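K.L.:
Dumping the structure here so I can ask a few things about it.
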Amino acid sequence: GNSVTQMEGPVTLSEEAFLTINCTYTATGYPSLFWYVQYPGEGLQLLLKATKADDKGSNKGFEATYRKETTSFHLEKGSVQVSDSAVYFCALGPHNYGQNFVFGPGTRLSVLP
Amino acid sequence: NAGVTQTPKFQVLKTGQSMTLQCAQDMNHNSMYWYRQDPGMGLRLIYYSASEGTTDKGEVPNGYNVSRLNKREFSLRLESAAPSQTSVYFCASSEGTSVSYEQYFGPGTRLTVT
């Protein structure tokens, strides 16, 4: 079945550091890929998405590129801020009717001033 | 426009008690979902409703029942709570179950079963 693997956290960075959170997936077909973010005490919010190979999703300075050849969707940001401290989830969207989202375990990011 | 709302925010139950978690969305979405979130395991789908009048099991349905009351509301019932059901529960909705529809999440219900 479909699955998502994310790098183990927690990740602790200083403000203005470069961020990479790795995500790889196993899937039949070519599903859409998503990054969700969960701030403390809140539900998940969509951060960005990509619907086909080589698409780049971007939002709030974060980027991720759908790489079919390496089955990856790594999240990057050039300069993190304290306000980026949150848990980040990589997710695989349904490819066919009857399938559902599959979420990775989440990576906790802490950014120190 | 409140999005997805959930009640209650927190709940403590004793083993064997029952309760219903409520969820409502005001975005006219067709599909609704219940997830549980446990440390290190991400979100796991309990039940979903692709459209009004239909419900289907997800990855971890045992011990739960759901009701799609109308297009807006989707409730999750624990008939006889067990400590293994201690978790954070999230409701979500989307326009449909098609490939590119994003899901919108509620703020969650933190449930503890003692």
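K.L.:
Taking a label point 7 Å from the Cα of B:Ser84 along the Cα→Cβ vector, which residues of the range B:1-18 have an amide N closer than 17 Å to it?
P.N.:
Label zone hits: B:15-17.
K.L.:
Please state the relative contact order of chain B as a whole percent: Cα pairs under 8 Å, 6+ residues apart?
P.N.:
Reported relative contact order: 36 percent.
K.L.:
A follow-up question, please. Per residue of the range A:16-25, what does 6.51 cos²θ - 1.76 cosθ + 1.60 with θ = phi - 60° give for ³J(HN,Hα)? Whole Hz please, x for Gly and Pro, Karplus curve as stated.
P.N.:
With the stated coefficients, the range A:16-25 comes to 6, 6, 7, 10, 10, 10, 7, 9, 10, 9 Hz.
K.L.:
If only Cα atoms are counted, what is the Rg of chain B, and what is its Dmax, in Å?
P.N.:
13.2, 40
K.L.:
Follow-up. Got a sec to turn the phi values of the range A:56-66 into Karplus ³J(HN,Hα) couplings, 6.51 cos²θ - 1.76 cosθ + 1.60 with θ = phi - 60°, whole Hz, x for Gly and Pro?
P.N.:
10, x, 8, 5, 6, x, 8, 9, 8, 10, 6
K.L.:
Give me the percent of accessible area attributable to carbon and sulfur for chain A, probe 1.4 angstrom.
P.N.:
49
K.L.:
Would you mind computing, in nm to one decimal, how far apart the modelled labels at A:Leu46 and B:Arg110 are, each placed 7 Å from Cα along Cα→Cβ?
P.N.:
The answer from the label model is 2.8 nm.
K.L.:
Next question, about the same structure. Under 11 Å from the Cβ of A:Ala64, count the other residues' Cβ atoms, weight Lys and Arg +1, Asp and Glu -1, and hand me the total.
P.N.:
Neighbour charge sum, excluding A:Ala64 itself: +1.
K.L.:
Based on the Cβ-Cβ distance from B:Glu95 to A:Glu8, what FRET efficiency comes out when R0 is 35 Å, to the nearest 0.05?
P.N.:
Approximately 0.55, to the nearest 0.05.
K.L.:
Nearest 100 Å² is fine: how much accessible area is buried between B and A, summed over both sides, with a 1.4 Å probe?
P.N.:
About 1600 Å² of accessible surface is lost on pairing.
K.L.:
Along each principal axis of its Cα atoms, how long is the range A:29-113 end to end? Whole angstroms, biggest number first, please.
P.N.:
43, 26, 18
K.L.:
Keeping to pairs on different chains or 8 or more places apart, tell me how many lysine pairs in the protein assembly as shown have Cα atoms under 19 Å apart.
P.N.:
Summing the qualifying lysine pairs gives 8.
K.L.:
Calculate one ³J(HN,Hα) per residue across the range B:74-88 by plugging θ = phi - 60° into the Karplus curve 6.51 cos²θ - 1.76 cosθ + 1.60, and present them in order as whole Hz with x for glycine and proline.
P.N.:
Listing the rounded values in order: 9, 10, 10, 10, 9, 6, 8, 5, 10, x, 5, 8, 5, 5, 9 Hz.
The values are calculated or read from the model by the stated rules, or taken from the named source; none is laboratory data. Quick caveat, the model's predicted, so the values are computed rather than measured. Every residue, glycine among them, receives a Cβ derived from its backbone with ideal geometry; neighbour counts consider all protein chains shown. SASA here: full protein model, heavy atoms, side chains in, ligands and nucleic acids out. Shrake-Rupley method; radii C 1.70, N 1.55, O 1.52, S 1.80 Å.
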